[in-house]
Amino acid sequence: MSGLEQKRLVTDLSRADLAEWCGGLGEAPFRADQIRRWIFGKRVTDFEQMHDLSKPLRAALADNFRLFASEIVRHQVAGDRTEKLLLRLEDGSHIECVLMREPERRTVCLSTQVGCAMGCVFCASGLLGLKRNLSTGEILEQVLRLDRLMGADERITNVVVMGIGEPLANLRALLPAMEALNEKGGLGLGARRITISTVGLPEKIRELARYGKPFNLAVSLHAPNDELRNRLVPVNERIGMSAILEATDDYFQVTGRRVTFEYVLLGGLNDRVEHARELAELLAGRGAHVNLIPMNAISELPYADPSHARTSAFVDVLTQAGIAATVRKRKGADIDAACGQLRLAEEVGEPAAS
């Protein structure tokens, strides 16, 4: 086998696939566990560093697989120590991933597609349309890249699948990636430390529920009624909020996990008190949690941040109605950390924040 383009990402293989490949070389299946420990636990950057494997096995790995297929085009570090990577994939496409630091957490945010087809009018991710799905290995490579930015005393504690793309539109690749993060031989994260976001695809929500792992589900709602949501999230015209809410009710029944509803506050558009009251009525009795996200203004889009007063009033209405609500802390605002911003700047040839 010759040529970099013919080598698979080793992370595209499940543990079972890797064990089968090892067996084909006459190696014991446990070699797959050793390889995965090096990849996920010991932050190696090259197969040659896997020193408890035989030289022939290391050579076979290097001949057949790649550990990384992307190139880091930009690496930005914010004042709050949020780090963002713009990665160029083998076909020239770009994706983003983010490491967010908090006192007790190290959270990584992952992309699942190159671009997005959902058309949310306030999001930079879909401005250039959808190009393709990422493979399982391309999803996991983002984790490996971010993990290798951290200090020796740091470990990834949480994963949010909220980057570029609609995660549930790529479940075929996403679920094996989440399995690898969940497995003890992988990253070893509990399913409850993994959050998967969606614009709201009812049948895919039910498919995720049937998968049998209690991942956290976050639904990007952004409006309290269909009329407004159709304007903000055009795909809603083909779905409708009632179908989404029925699916999230089913998700809670199957998994026992409370669903989070994400709501981007757009100044003067969906942030009024009457919107908060309508949202509270919509979610009453569902045990839901609302995560309010003040708009991170993007120069290419005509939407503004909400005022602090309107944000506070929105929270007050929800909490007084018995709906749990929090305001997401803005991370990495000084490095274009909003989803899709850095990719957009690169693809259209404009300078990004440094």
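The values are calculated or read from the model by the stated rules, or taken from the named source; none is laboratory data. A quick note: this is a predicted structure, and the numbers were derived from the prediction, not measured. Neighbour counts run over all protein chains shown; Cβ positions are idealised from the backbone, glycine included. Surface accessibility is based on the protein's heavy atoms, side chains included, excluding ligands, DNA and RNA. Shrake-Rupley method; radii C 1.70, N 1.55, O 1.52, S 1.80 Å.
Of note:
- Between Glu278 and Val327, the simple spin-label model (points 7 angstrom out along Cα→Cβ) gives 2.2 nm.
- Residue of Leu67, Leu232, Leu269 that the Gaussian network model of the chain assigns the largest fluctuation, springs spanning Cα pairs under 10 Å: Leu269
- Count Lys and Arg as plus one, Asp and Glu as minus one, and take only other residues whose Cβ is under 15 Å from that of His275; the net charge is then -3.
- Selection among Ala16, Pro176, Leu53 by position relative to the dipole of the chain gives Leu53 as farthest towards the positive end (Cβ unit charges, Cα centre).
- For the chain, the solvent-accessible area of protein heavy atoms averages 43 Å² per residue (probe radius 1.4 Å; ligands and nucleic acids excluded).
- Spin-label model, Lys184 to Val235: label points 7 Å out along the Cα-to-beta-carbon direction sit 3.7 nm apart.
- Förster-model FRET efficiency, 41 Å R0, Asn225 and Val77, C-beta, rounded to 0.05: 0.50
- 30 Å Cα-Cα reach of Lys42 towards lysines, excluding residues that sit fewer than 8 places from it in its own chain: Lys7, Lys55, Lys84, Lys184, Lys213, Lys331
- Potential lengthening of the chain between Glu48 and Arg132 amounts to 27.0 nm, from the contour at 0.36 nm per residue minus the alpha-carbon distance.
- DSSP beta bridge pairing in the chain, given as percent antiparallel to the nearest 5: 45 percent
- Per-residue ellipticity at 222 nm, computed for the chain from helices alone with -39500 (n - 2.57) per DSSP H run of at least four residues, works out to -10000 deg cm²/dmol.
- Gyration tensor (alpha-carbon) shape descriptor, segment 1-67, a/c threshold 1.5: rounded
- Per-residue packing, averaged as other Cβ atoms within 10 Å, sorts the ranges 135-148, 21-34 into the order 135-148, 21-34, beginning with the highest.
- Computed in the context of the full set of protein chains, the accessible area of the chain at 1.4 Å probe radius has 49% of its extent on carbon or sulfur.
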